[in-house]
Amino acid sequence: MLQIFKSAESGPLQELSLKTLEKGAWINITDPTPYELKVVASLTEVEPDFLRSALDDEERSHTDVEDDSVMILTNVPVCRGQDSYDTLPLAIILTREYIITVCLEETPVVMEFNERTAKLFRTYKKTRFLFQLLYKSATLYLRYLRQISHLSDEIEVQLRHDMSNKDILRLLELQKGLTYFNAALRSNGAVLDKLLRLRSNTSVAPILKMYEEDEDLLEDVIIENKQAREMVEMYSKILARLADTFSSIISNNQNLVMKFLAAMTIILAIPTVVSSFFGMNVPVPFEQDSSGFLYVMAIAFAISITSAVVLWRRNLF
C-alpha cells in the first residue's frame, strides 16, 4: 500500500498521488509490491536497497548515509494479541525533498500521524518529523511495558490460586516479548547515538537539518529510550524470578504429593503383609479360633495406625 501526504500551512493533511507528488511530501509505504518500490525509487532517486531494508523482519536497527539521502532503520513495538508482543523494522528515509517510511505492516507508530493529529506535525519539517516518529516509538514501548507489568501481576494472582499450564504459557509469552523489546531498544539506542554524531557532519547537513528544538526533541527520544531499556531489564528480572519461584513451588508440591503417596503405600502394605503371614499353609495362631479373622484384622489395623502416627510425627503427611 502506497500513501502520500503533505501538511498544509493551514488546514487538514492533504493526500497526494504519484502524479501530484510535491516537495515536502511524506511517502508512506506498507507491505509494498515490487512495482511500488520501483516507482518510488525512480521518483525520489532513493537507493532501492534503502526501500527494501525494512522488508526483512529480522533486520536490526542501523543508519546508512548516501550522497542525497539518509536512512534510519529502527525497530518499533507491535502488539499481536493479549500477551504477545513483537518488534518490526521501520525504515525512515530522508532526502532533500521527501521523507519516506517503509514497513511490512501497519504499525501504531505510523498510524498515530493522521488527519486527526495533523496539527502536531509537518511533513516538510523532515528532521523534526523523523524525531517525532522515533519519540512515538519510544513512548509506545513504555505503554506496552506498562501493559506487560499489569499482565504479569494478573498472571501472578492466577498462579497463586491455580497453577494451570495456560497461565504458565502466558508468562512465557511475556518473557519472549521482553526479550524482543530488549534487543530492539539496545539497537535503537545505538542509532540515536549515531544521530547525535551526525548533527556535526557537514555532508548530511542539507538533508538532516537540526535546529535547537530538534536537538531538544532528540534528547527527549534518547531519555525515553533509556527509560524503556531500564524498565525492560527490571521487568525481565521480575518475570524470571517469578517463573523460578513458581517452578520451585510446583516442584515442592510434587515432592509433597510423592511423600504422601509413599506414606500411604507403607500404611496400606501393612494389612497385606499381616494377612499374608496368617494365610500361610502352616500352623498359625488363631487358626482354630472362630474369632481369628477379627484378631488378625485388629492386629493389622493396630500396626497401621501406629505406623501412621509415627509417619505423621515425622511430617511425612
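In table form, for the structure just shown:
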{"item": "Highest-fluctuation residue, Y135, Y235, Y211 considered, GNM on the chain with Cα pairs under 10 Å", "result": "Y211"}
{"item": "Size-normalised alpha-carbon gyration radius of region 219-290, reference 2.2 N^0.38 Å", "result": "2.74"}
{"item": "Residues L151, L174, sorted so that the one with the fewest Cβ neighbours within 10 Å comes first", "result": "L151, L174"}
{"item": "Distance between region 234-291 and region 168-183 - C-alpha centres, whole angstrom", "result": "39"}
{"item": "For E105, net neighbour charge (Lys/Arg +1, Asp/Glu -1) across residues whose Cβ lies under 12 Å away", "result": "-3"}
{"item": "Ratio Rg/Rh, restricted to region 85-181 and using Cα atoms, in which Rh is the Kirkwood radius", "result": "1.14"}
{"item": "GNM result for the chain, Cα springs below 10 Å: residue of L218, L261, L130 fluctuating most strongly", "result": "L261"}
{"item": "Sequence of E212, E173 once ranked by neighbouring C-beta atoms within 10 Å, starting from the fewest", "result": "E212, E173"}
{"item": "FRET efficiency estimate (nearest 0.05) - Cβ-Cβ, L142 to K259, R0 35 angstrom", "result": "0.15"}
{"item": "Residue order, fewest to most surrounding Cβ atoms within 10 angstrom, among L120, L2, L185, L88", "result": "L120, L2, L88, L185"}
{"item": "In sequence order, calculated HN-Hα J values of region 56-67 (Karplus, 6.51, -1.76, 1.60; Hz; x Gly/Pro)", "result": "9, 5, 9, 5, 8, 5, 6, 10, 10, 10, 10, 4"}
{"item": "Those lysines that a straight Cα-Cα span of less than 16 Å connects to K176, excepting residues fewer than 8 apart in one chain", "result": "K166, K237"}
{"item": "Magnitude of the charge dipole, the chain, Cβ model with Lys/Arg +1 and Asp/Glu -1, debye to 20", "result": "800"}
{"item": "Calculated from backbone phi, Karplus (6.51, -1.76, 1.60) coupling profile of region 13-30 in Hz, x at Gly/Pro", "result": "5, 8, 9, 10, 10, 4, 6, 10, 4, 10, 5, x, 7, 10, 9, 9, 10, 10"}
{"item": "Aspartates and glutamates whose Cα lies under 14 Å from that of K194, excluding same-chain neighbours fewer than 8 positions away", "result": "D64, E215, E219"}
{"item": "Residue of L73, L51, L268 that the Gaussian network model of the chain assigns the largest fluctuation, springs spanning Cα pairs under 10 Å", "result": "L268"}
{"item": "Cα long-axis angle, helix 34-44 against the chain (0 to 90 degrees, to the nearest 10)", "result": "40"}
{"item": "Cα-based helix-to-principal-axis angle, 212-278 vs the chain, degrees rounded to 10", "result": "10"}
{"item": "Inter-label distance for S10 and C79, nm, one decimal - labels placed 7 Å from Cα along Cα-to-Cβ", "result": "3.9"}
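The numbers here are math on the coordinates, done by the rules we state, and not lab data. In this text, all values refer to a predicted model and were calculated from it rather than measured experimentally. Here the Cβ is made from the backbone with ideal geometry for all residues, glycine too, and neighbour counts use every protein chain on show.
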